[in-house]
Amino acid sequence: MGWVTEDAPTSAELDACITCGLCLPVCPTFRVTGDETASPRGRLAAMSAVAEGVAAVDETFEEVMGLCLVCRACEVVCPSLVPFGRAMEGARVEIAAQRPSAARRARHAALGGGLGSRALVGAASAAAAMAQRVRFDRIAPGPLGRMRGMRRLPVRPASVVGTVAPARGERIGRAALLAGCVMDRWFAPVHEATIGLLTLAGYDVEVPAAQTCCGALAAHDGAAAEAREHATGNVAAFAGYDVVVADAAGCTAHLKGYGHWAGEAGAELAGRVRDVTEVVAGLIDEGRLPASSVDRGPVAIQDPCHLRHAQRVVAAPRSIVRAAGYSPVEIDPQALCCGAAGIYMTLQPEMSDELGTRKADQVRATGLTLVASANPGCEMQLRSHLGEGYRIAHPVELLWEVLRTKY
Ligand code: SF4
Ligand code: SF4
């Protein structure tokens with residue numbers, strides 16, 4: 001039957017693969033399984049077979065595509081610049097269109113209108129906070145076991161949506177912050193640090209009330225209509241700001257790809273989007289944020305895939321922890337995925353756990369108990385697999401802790 005949607009992988013995307021295999025050693029699922037069908041090259045071959053009409057979008061195809069983390073490590077080493085993440089999102093839109101199921105429809109409704117509703121996200125967060133307090137994960141392991149990985153949730157979760165924070169001192173521009181869905185309710189200290197650092201450096205910061213979820217979780221699960229709805233809403237909400245900042249690497253990476261989901265207007269917004277680590281590192285370089293001269297010791301650096309592979313941001317988080325007085329310690333030169341990958345941790349729990357265990361072992365090998373990570377999913381995965389006695393913080397939190405008491 002071939003492809004049936006406008007989002008399907010294109011011939012140009014698939015034909016770019018020269019089957020060299022350079023991507024295999026950096027693919028986490030190939031590293032675990034040693035199986036060609038769990039590699040980028042194998043997955044592209046399966047997509048090409050469907051495009052050529054020699055294979056169908058069937059159960060096997062769904063399994064092969066479902067095990068991919070969309071971590072995009074393969075894109076970094078690919079000599080043919082195959083846009084693998086885009087092709088995989090397209091393949092998943094096709095699976096949703098050609099293999100409809102009640103479970104997927106319910107999931108897509110949650111990733112669309114569910115995450116787009118502040119009232120629903122707030123209610124779900126309050127319920128999660130209660131579940132966390134009575135430790136449901138002890139009697140119902142599995143997805144609820146992830147409770148161990150969450151920060152201590154507030155029973156009445158905070159939201160920064162609607163915040164207007166003026167610049168302190170010389171004004172250098174007008175910034176908007178993407179509050180995010182999970183970030184807004186569960187990671188308030190990261191938002192507080194972002195707003196604090198940007199205003200200290202001279203930005204007026206606003207968190208527009210009209211914004212919605214970035215849509216990354218919907219796009220990764222093949223929920224095309226929901227991903228478009230989120231993108232279109234945010235294009236309107238973030239019009240006119242000098243810079244649009246996100247402090248969850250997965251959200252920033254997705255906003256930078258809005259050209260696909262919201263056309264020209266989406267591409268225009270994408271051109272103004274920066275990850276908070278990029279912005280803050282730039283402000284340190286310009287001397288608009290001071291660096292601490294106190295030696296606070298080493299910190300292990302965990303690179304989120306959607307910061308390092310999808311956005312190619314490597315130096316910025318290291319610059320920020322240095323400015324806070326810490327010495328960055330590398331844990332993994334290839335920055336293999338930790339296995340969180342959004343809702344992957346619930347859809348593919350075995351592979352997610354295997355990769356989470358490997359990442360935790362890399363941290364333990366350093367002997368350090370402080371880890372810097374710029375993405376909430378990675379933070380939850382690390383907390384879950386490292387257990388008690390470790391602190392995982394966003395790089396901007398570490399810097400703001402130092403500066404907030406002085407300014
Ligand atoms: S590195 Fe690129 S061109 Fe080579 S096999 Fe992988 S996807 Fe294909
Ligand atoms: S996105 Fe990640 S998991 Fe998927 S094929 Fe590429 S390297 Fe492998």
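A compact table of results
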{"read-out": "One residue from Arg43, Arg72 being of a type in the set (Lys, Arg), within 14 Å of ligand 2 (Cβ to nearest atom), open to solvent by 50 Å² or more (accessible area, probe 1.4 Å) and at pLDDT 95 or above", "value": "Arg72"}
{"read-out": "Single unsatisfied condition, Ala248 versus (1) at pLDDT 95 or above; (2) surrounded by fewer than 23 Cβ atoms within 10 Å (Cβ to Cβ); (3) not aromatic (Phe, Trp, Tyr)", "value": "(2)"}
{"read-out": "Which listed residue is aliphatic (A, V, I, L, M) and either over 28 Å from Leu69 (Cβ atoms) or modelled with pLDDT of 95 or more (or both), from Ala188, Ala237", "value": "Ala237"}
{"read-out": "Filtered residues of the stretch 170-225 (kept if among the acidic types (Asp, Glu), out of contact with any Pro (no Cβ under 8 Å at 6 or more places or on another chain) and outside any helix (DSSP H, G or I))", "value": "Glu170, Glu206, Asp221"}
{"read-out": "Among the residues listed as Arg99, Arg105, the single one being in contact (Cβ under 8 Å) with a residue 12 or more places away in the chain, more than 16 Å from ligand 2 (Cβ to nearest atom), more than 30 Å from Asp332 (Cα to Cα) and open to solvent by 30 Å² or more (accessible area, probe 1.4 Å)", "value": "Arg99"}
{"read-out": "Enumeration of residues in the stretch 197-233 that are closer than 30 Å to Val402 by Cβ and not charged (D, E, K, R)", "value": "Leu197, Leu198, Thr199, Leu200, Ala201, Gly202, Tyr203, Val205, Val207, Pro208, Gln211, Cys214"}
{"read-out": "Inter-residue pairs, beta-carbon under 6 Å, first of a type in the set (Phe, Trp, Tyr) and in the stretch 315-344, second part of a loop (DSSP other than H, G, I, E, B) and at pLDDT 95 or above, 6+ apart", "value": "Tyr326/Arg296; Tyr344/Leu69"}
{"read-out": "Helices (runs of 4 or more DSSP H) fully within the stretch 1-117 counting 3 or more residues that are farther than 25 Å from Gly233 by Cβ and more than 16 Å from ligand 1 (Cβ to nearest atom)", "value": "59-66"}
{"read-out": "Matching residues, the stretch 186-218, being buried (at least 23 other Cβ atoms within 10 Å of the Cβ) and not hydrophobic (A, V, I, L, M, F, W, C)", "value": "His191, Thr194, Tyr203, Gln211, Thr212, Gly215"}
{"read-out": "Filter result (open to solvent by less than 20 Å² (accessible area, probe 1.4 Å) and either near ligand 2 (Cβ under 6 Å from one of its atoms) or among the basic types (Lys, Arg) (or both)) within the stretch 27-40", "value": "Cys27, Pro28, Thr29, Pro40"}
{"read-out": "Residue count for the stretch 1-24, restricted to those that are within 13 Å of ligand 2 (Cβ to nearest atom) and open to solvent by 70 Å² or more (accessible area, probe 1.4 Å)", "value": "1"}
{"read-out": "One residue from Ala87, Ala91, Ala51 being open to solvent by 20 Å² or more (accessible area, probe 1.4 Å) and either within 14 Å of ligand 2 (Cβ to nearest atom) or among the hydrophobic types (A, V, I, L, M, F, W, C) (or both)", "value": "Ala51"}
{"read-out": "Looking only at the stretch 382-407, and only at residues there that are modelled with pLDDT of 95 or more and in contact with a Leu (Cβ under 8 Å, 6 or more places away or on another chain), the one that is most open to solvent (accessible area, probe 1.4 Å)", "value": "Arg391"}
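The values are calculated or read from the model by the stated rules, or taken from the named source; none is laboratory data. All of these numbers come straight from a predicted model, not from anything done at the bench. FYI the Cβ positions are ideal-geometry reconstructions off the backbone, even for glycines, and counts take in every protein chain you see. SASA here: full protein model, heavy atoms, side chains in, ligands and nucleic acids out. Shrake-Rupley method; radii C 1.70, N 1.55, O 1.52, S 1.80 Å.
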